Amino acid sequence: MTETLPLPPACVTARRISKSFGGVAALDSVDLAPRPGRVLGLLGANGSGKSTLCRIIAGEMMSDGGELLVDGQPARFTTPKDAVRRGVVIAHQHPSLAPDLPVWENLFLGMERCGRGGFVSRAGSRRAAWHMLQAVGLDIDIDQPVERLSAAEQQLVEIARALSREPRLLILDEPTAALSAALVDRLFAHVRALAASGTAIIFISHRLQEVEALCDDLVVLRNGRRVGSWELDGSLDEARVLDLLTGDSDAPARLTERKPRDTQDVVLTLEGLCAGQALRGVDLDLHSGEILGIAGLQGQGQEQLLDTVAGFRRKDGGRILHRGRALSPHRPRDMIRRGICLVPNDRHRQGLFMDQTVGENLAAVALAMQPRPWRLRRRRLAEFVRQTIPRLLIKTRGPTQPVATLSGGNQQKVVIGKWLEGPVDVLLLSDPTKGVDLRARREIYDTIGDLVAGGSAALVYASDIHELLHHCDRILVMYEGRVVETLSGSAMTEQRVIAASFGRAA
Ligand SMILES: Nc1ncnc2c1ncn2[C@@H]1O[C@H](COP(=O)(O)OP(=O)(O)OP(=O)(O)O)[C@@H](O)[C@H]1O
């Protein structure tokens, strides 16, 4: 008979934590006790309170009620530095890096390494930075400013920075949202090794397969309350989790249904499209009524392809034909006027006006696309805003709430929602559901489906293969700047996508 060992006591315990914003409860008496050597998965729909709870544990925010214990003793973190000193470190969903500083300096911001005589050792720091980045799978020039990095690279720098603090409790808030499958595997191997060495880890993700693959324990939040927790033994009861997440026992069936779509004439053609080293002759046809997915390992030209078609990046060869007419975009406005619009990947830099309200952000595209915005019917715009909020399940107090105070996933829904009013013919989407919960993901693709059913088309890059398999009519796989495989119908399988991503036929 095998005896199960008792679990080690939690190094940091959150007890009955409560927090309200403007009188609305974000957390209501929540307990959390991550244990050394184990990965605790924290699940919850957008706006359920996951980030708020973790920010309180990491000293970035004060709770209104409850307490934190470190090794069983009450502790009070008034700043993140207090938490780091006690071994609690958080890597954010949206990297909190200094964009104009070099990569290596970002890794040591706030905790400069000292050499002889108490001075910062530049050479030692640069060497250490290089090793830390290699460990998370990032082989880049460490002297370039962070703003030049892709979203995935910035995410890995954020994680490497957290790891460099040698935490006792490491909080990873949606670390994989921008990462390709290969980078996720590498990160998971690192996290498992860290747990094996005795670190406690909190892992937030909306991807159930990742939670199943990585986590030992699970806690589910709904509307700021803890609604379930149990130990995982290698498999995850998906129906039970979905039921707890949504509070709706009907949800699992609705989440797996997929509607076939009618696709017709060609809306967009790319012939031998080239742009720098990233695009080396891309050919594709996009049909009206179609959602076409773009898969591939990170950095095979997927994002550059969308940027080039949207006019953010110049092409150096090949042709872009929109409904048979050749276009040479010089700037995004040229394409937006033709109804070719990009929902960008980086919502903070490109997708939202952070100092404006939910309503102002939702109305921004409709206003910008009007040649005479003053003639726009305010009432119609207000009606659009009122309908879009429930349609995309945006959790907000209303159109006047500042968008900066929404949860990450709800901000992403606003980014997508604002394109739904304009006359869009080709919708280009770069990782549209990054940070968005399962149910809202479904709503977003249903909304895109409704849009293309009217005769337009969508070209979507997503870092999550399952998302593409589930929602797209066809999938293109990119490898080294070219389309190497086009899959449809029964050939659209995970194995075929992965094989093509590595430049192989399945
Ligand atoms: N600074 C703030 N001001 C006002 N409301 C806030 C603030 N920060 C968070 N909230 C609200 O608290 C609630 C919980 O947000 P939180 O970011 O913790 O959710 P989450 O579960 O992490 O969501 P997501 O999965 O979208 O990241 C949301 O309704 C959010 O709008």
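The values are calculated or read from the model by the stated rules, or taken from the named source; none is laboratory data. Predicted model, so just to flag it, every value in this text is computed and none were measured. Glycine also receives a Cβ, built like all others from the backbone with ideal geometry; neighbour counts cover every protein chain displayed.
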Quiz item: Listed residues GLN144, GLN155; which is modelled with pLDDT of 90 or more, polar (S, T, N, Q) and outside the structural domain of ILE294 (by TED's automatic domain parsing)?
Solution: GLN144
Quiz item: For the stretch 399-413, what are the residues that are hydroxyl-bearing (Ser, Thr, Tyr) and part of a loop (DSSP other than H, G, I, E, B)?
Solution: THR400, SER407
Practice problem: May I ask you to say which residue of LEU306, LEU321 is at pLDDT 95 or above and under 23 Å from the mean Cα position of the chain (by Cα)? | Solution: LEU306
Quiz item: Looking at the stretch 225-244, which of the residues that are in contact with an Asp or Glu (Cβ under 6 Å, 6 or more places away or on another chain) and without any contact (Cβ under 8 Å) to a residue 60 or more places away in the chain is surrounded by the most Cβ atoms within 10 Å (Cβ to Cβ)?
Solution: LEU236
Exercise. Please enumerate the residues belonging to the stretch 275-302 that are in contact (Cβ under 8 Å) with a residue 60 or more places away in the chain, surrounded by fewer than 23 Cβ atoms within 10 Å (Cβ to Cβ) and farther than 21 Å from SER488 by Cα.
Key: GLN277, ALA278, ARG280, GLY281, GLN298, GLY299
Quiz item: In the stretch 463-488, which residues are of a type in the set (Gly, Ala, Ser) and at pLDDT 90 or above?
Solution: GLY481, SER488
Practice problem: Give the residues of the stretch 81-94 that are within 16 Å of the ligand (Cβ to nearest atom) and either aliphatic (A, V, I, L, M) or not assigned by TED's automatic domain parsing to the domain that holds ALA160 (or both), sorted by residue number. | Solution: ILE90, ALA91
Exercise. Report yes if some residue within the stretch 493-504 is in contact with a Phe, Trp or Tyr (Cβ under 6 Å, 6 or more places away or on another chain) and either in contact (Cβ under 8 Å) with a residue 40 or more places away in the chain or closer than 20 Å to ALA182 by Cβ (or both); otherwise report no.
Key: yes
Quiz item: Say we look at the stretch 185-209 and pick out the residues that are within 16 Å of the ligand (Cβ to nearest atom) and β-branched (Val, Ile, Thr); which of these is farthest from ALA239 (Cα to Cα)?
Solution: ILE202
Quiz prompt | Identity of the residue in the stretch 395-409, over 17 Å from ALA364 (Cα atoms) and under 21 Å from the mean Cα position of the chain (by Cα), that ends up farthest from the ligand (Cβ to nearest atom) | solution = THR396
Self-check item: Qualifying position, being within 16 Å of the ligand (Cβ to nearest atom), part of a helix (DSSP H, G or I) and not charged (D, E, K, R), among GLY417, GLY449
Solution: GLY417
Exercise. Please work out which residue is farthest from the ligand (Cβ to nearest atom), limiting yourself to the stretch 133-184 and to residues that are of a type in the set (S, T, N, Q) and either touching a Leu at 6+ places or on another chain (Cβ under 9 Å) or closer than 22 Å to LEU42 by Cβ (or both).
Key: SER164
Exercise. Evaluate the stretch 166-175: report whether one residue or more is within 19 Å of ALA295 (Cα to Cα) and not aromatic (Phe, Trp, Tyr).
Key: no
